[in-house]
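Structure record follows, encoded as structure tokens.
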Amino acid sequence: MTLYLWRILCLASAAVVFLGVIILLCSRLLKNKYYFSYHEDELIKTEKTSNSKNSLYFTSGETKKFIKKYVICKSAYDRYLICNYAKEFNEIIFYVIQYTARKKVAGVLRVEQCCTEKSSKIIALHKNCVYVNVIIGSVDGTEINSSVIRPLPKSKIRLSAAIKSVLLFAGLFVVRHAIIELFGGIYIKQYLDNFLNYAAIAGSFLLAVISYFVTVLCFRLKNAKERSGGVLEYEFV
């Protein structure tokens, strides 16, 4: 191929990368959807200490049968949650949906605790978390809600993987050609016509194909992240 044609292909690949990134950002194919929308729990009181601000809330709906209250503790360095159980349980699983100040989901935690006492263990929250909703998963083996996150359709996972694979191939094509243009000097055409150049393109294509299948096969939907800590006493009144 002529040098002019190689440069056209490079520019086309750069355009593909640009458009692909825009599509991924705008479409948000892998954005989680939830079975529950945000509901505002009743704020009981807010206490300020020397190093933290504690907001105590009543739970609502079916949650209050098992968890009466919870407190969100905010310090300069971290945020955490402590729940006040309605009674002691052999095992309880619940989900903590974390919301930002604008009521956008910041993350979901799956909490599992056994042989509970009055209060839960420390539950570490996202740094941007301002509000939470607590959803009961199961209590002493009785399932109440199986999940809070809707499973992603396979079609969206495959489409996202395909777009990313195309971006990978196009991006490697641009990088390879740019390196040749920068360092090839008067021998650019010879480098472009060299067998190793075509081998690099074939290798990039193979890497993109492998990337697609690895993404599809190994994509694991995490309905919640489990993050719980040690015991901290909080006086629920």
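Relative to the longest principal axis of the Cα atoms of the chain, the long axis of helix 195-218 makes an angle of roughly 20 degrees.
In a Gaussian network model over the chain where Cα atoms closer than 10 Å are linked, find which of 194, 90, 145 has the largest mean-square fluctuation. Among 194, 90, 145, the largest GNM mean-square fluctuation belongs to 194.
What a 1.4 Å probe finds exposed on the stretch 126-224 is 67% carbon and sulfur by accessible area, rounded to a whole percent. Take the chain with all the other protein chains still there, run a 1.4 Å probe, and you get 61 Å² of accessible area per residue.
Comparing mean-square fluctuations of 182, 192, 109 from a GNM of the chain with C-alpha springs under 10 Å, the top value falls on 182.
Rounded to the nearest 500, the 222 nm mean residue ellipticity of the chain from helices alone is -12500 deg cm²/dmol, with -39,500 (n - 2.57) taken per DSSP H run of at least 4 residues. Within the shell of other residues whose beta carbon sits under 13 angstrom from the beta carbon of residue 6, the net charge comes to +1, with Lys and Arg scored +1 and Asp and Glu -1.
Neighbours of residue 42 by Cβ distance under 11 Å: Lys/Arg scored +1, Asp/Glu scored -1, total +1. Axis angle, to the nearest 10 degrees, between helix 3-27 and the longest C-alpha principal axis of the chain: 10 degrees.
The values are calculated or read from the model by the stated rules, or taken from the named source; none is laboratory data. Predicted model, so just to flag it, every value in this text is computed and none were measured. Cβ sites come from the backbone with ideal geometry, for glycine too, and all protein chains shown count toward neighbours. The accessibility values were calculated without ligands, DNA or RNA, using every heavy atom of the protein model including side chains. Shrake-Rupley method; radii C 1.70, N 1.55, O 1.52, S 1.80 Å.
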